[in-house]
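Below is one structure, written out as structure tokens; the observations come after it.
The values are calculated or read from the model by the stated rules, or taken from the named source; none is laboratory data. As the structure is a computational prediction, the values presented were derived from the model and not from experiment. All Cβ positions, even for glycine, are placed from backbone atoms using ideal geometry, and neighbour counts span all protein chains on display.
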Amino acid sequence: MNIEKTKEILLGRYSKLTEEEKEWMMENNRAWYNRYLFEYEYHTEEYSNSQWEAMWLWSSFGQDYLRNQSLAKKFLSSEKKMNHVMEMMQDRKKWYNTRVDEIKHLHATGKLTKEIMAFFISMFRKENFNVFESYVKDPIFDTGTIVQFRSNIGVDAVLQEQKWSNRTSYYGADNRTMHNLKKKTLMVLGESPPLGGQIYASVYSHKEKQGGSRLYRVLPIGDTKVYVVVEKFLKKCRTKAVKDARK
């Protein structure tokens, strides 16, 4: 895309904001490339091509704008979805603020618009974004679905609880557990509720056909122990034996 087209798109997207949205974004901006765009009309000298390219790559109005707008729209589609997504973001955070309290406050005061929510999304740290997107998107598996692990099962695909004194933490399962589960057939018991402990396992990005970091409770067929697993590494089991078992 040439620079003039890039400039036109960026300025056009910014111009669609209300004055209230512009004011809020200016006050809460944490990125220089957003500020370049916000302050463009006050500059007497034209920005360089490299600055416009950087704004396209890194500002809230550039290459990820349409994706973030779509996620914001879906997030705001129902109170139930909003509450669930924010609850899971709080449960899965490791070290950093998820900005959930800010989102809740704006929603309660009637100031949370799609544009402001998309701006929030653009500022999420990677792990917070991965959790957000995974729970905004619809789940891949329903309760009762028979599944098995994909061949490319990753580290931390299964979460394991560890307790010290009154503290509960979750890490990726050990190699022995993973080896035993890889070839098992599993039944989805439902989405995992908030775990309520510090979760140190990797938070995977969302892929349209595979899902993302959403967690499920699964039960290996013929076993009694329930496991918490990551959506991205599961697939529906279509073997004849499984079809016969469900008759």
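A few remarks follow.
- The residues listed here are LYS93, LYS80; of these, the one that is within 30 Å of TYR200 (Cα to Cα), under 21 Å from the mean Cα position of the chain (by Cα) and at pLDDT 95 or above is LYS80.
- Selected residue (only one of GLY154, GLY222 is in a loop (DSSP other than H, G, I, E, B), touching a helix residue (DSSP H, G or I) at 6+ places or on another chain (Cβ under 7 Å) and outside the structural domain of LYS126 (by TED's automatic domain parsing)): GLY154
- Yes/no for TRP56 being buried (at least 18 other Cβ atoms within 10 Å of the Cβ) and under 24 Å from the mean Cα position of the chain (by Cα): yes
- Tabulated pairs, region 10-21, first not assigned by TED's automatic domain parsing to the domain that holds LEU37, second modelled with pLDDT under 95, C-beta under 9 angstrom, 6+ apart or interchain: none
- Breaking point among (1) surrounded by 17 or more Cβ atoms within 10 Å (Cβ to Cβ); (2) within 20 Å of ASN68 (Cβ to Cβ), for LYS104: (1)
Yes/no per residue for (1) touching a residue at least 60 places away in the same chain (Cβ under 8 Å); (2) closer than 17 Å to GLN160 by Cα; (3) in contact with a Pro (Cβ under 9 Å, 6 or more places away or on another chain); (4) surrounded by 14 or more Cβ atoms within 10 Å (Cβ to Cβ):
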{"residue": "MET187", "(1), (2), (3), (4)": "no, no, yes, yes"}
{"residue": "LEU195", "(1), (2), (3), (4)": "yes, yes, no, yes"}
{"residue": "SER202", "(1), (2), (3), (4)": "no, yes, no, yes"}
{"residue": "LYS207", "(1), (2), (3), (4)": "no, no, no, no"}
{"residue": "GLY211", "(1), (2), (3), (4)": "yes, no, yes, yes"}
{"residue": "GLU231", "(1), (2), (3), (4)": "yes, yes, yes, yes"}
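- When residues in region 104-136 are screened for being more than 17 Å from the chain's Cα centre (by Cα) and either not assigned by TED's automatic domain parsing to the domain that holds SER77 or not in a helix (DSSP H, G or I) (or both), 5 of them pass.
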